[in-house]
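Here is the structure we will look at, set down as structure tokens.
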Amino acid sequence: MLVVGFPSGTFAANCYLVAPEAGAECVIIDPGQDTAPKIARALEEHRLTPVAVLATHGHFDHIADAAEFDLPVHIRPEDRGLLADPWSGASSQLVAALGDAVRPVEPAEPVDLADGELRLAGLTITAVHTPGHTPGSAIFRLGDLAFTGDTLFAGSIGRTDLPGGSLSQLERSLADRLLTLDDRTVVLPGHGGTTTIGRERQANPFLTGPAVSRG
């Protein structure tokens with residue numbers, strides 16, 4: 001399997017290209033702000049043909065360039081409204097701080113993402129709803145890999161103080177959907193470096209409370 005990842009944009013959000021091998025079809029996970037040129041270079045370098053975009057959630061730093069490649073964009077229906085209205089529920093301070101950096105995203109083919117298997121680019125990808133950071137947050141599992149967006153990071157978890165965030169939902173998502181995974185599962189998060197479920201189970205200070213330690 002080929003996984004190409006890189007950070008981009010104001011908040012250094014991670015974008016990933018996933019394919020069975022070089023020279024094959026691929027999916028693009030979280031094509032956020034300023035990712036289009038980097039994606040184009042990676043597609044050329046690895047001779048990849050993109051067939052779909054997968055969004056872990058609807059925040060602009062993860063979907064800003066989702067419409068640049070004329071591909072189906074798979075996103076949970078709870079977050080789909082953020083494509084056309086990325087400022088939905090945002091404070092005036094946040095709007096003022098980010099200004100023109102945030103624009104509506106209008107993909108040619110938005111697709112409602114549901115829990116279950118996606119068969120794309122010769123891959124079997126399991127989508128799992130993990131609300132908390134946003135109502136429509138999701139992770140994507142592929143073998144021993146988990147693309148966790150802003151649900152789980154190395155040493156931290158997603159923030160819940162933005163519109164639609166819920167700490168109690170995030171704690172349930174972590175306990176029921178992530179900490180039930182094998183310790184050897186490699187976590188590829190939406191920001192920062194990779195980790196494993198086992199490492200986070202032992203060392204992540206946000207996963208030691210009773211609400212998130214059931215897994």
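Each value in this text was obtained by applying a stated rule to the coordinates, not by laboratory testing. Model, not experiment: these values are computed from the prediction. Positions of Cβ are backbone-derived with ideal geometry, glycine not excepted, and every protein chain shown enters the neighbour counts.
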Seminar exercise, completed: Over the Cα atoms of the chain the radius of gyration and the largest Cα-Cα distance (Dmax), both in Å, equal 16.2, 47
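Mind ranking 146-158, 4-16, 177-189 by how tightly packed they are, going by the mean number of other C-beta atoms within 10 angstrom, highest first? Mind showing how you got there, number by number?
Numbers: 146-158: 24.4, 4-16: 19.5, 177-189: 17.8.
The peptides rank, most packed first, as 146-158, 4-16, 177-189.
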Problem set entry | Area projected by the alpha carbon convex hull of region 113-215, averaged over all directions, nm² | 6.2
For this session: Return P(r) of region 99-147 (all Cα-Cα pairs; 5 Å bins starting at 0; whole %; ordered from short to long distances).
Result: 5, 16, 19, 21, 20, 11, 6, 2
Seminar exercise, completed: Output ordering of 135-145, 43-53 (per-residue mean of other Cβ within 10 Å, highest first) is 135-145, 43-53
For this session: Among GLY122, PRO110, ILE157, flag the residue with its Cα farthest along the positive direction of the charge dipole of the chain, charges on Cβ as +1 for Lys/Arg and -1 for Asp/Glu.
Result: ILE157
Problem set entry | Inter-label distance, nm, simple model (7 Å from Cα along the C-beta direction), GLU44/SER166 | 4.6
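Restricting things to Cα coordinates, could you compute the convex hull volume per residue of region 1-82 in Å³? Numbers along the way, then the final one.
Working: hull volume 6.2 nm³, N = 82.
Given the Cα convex hull of region 1-82, per-residue volume reads 75 Å³.
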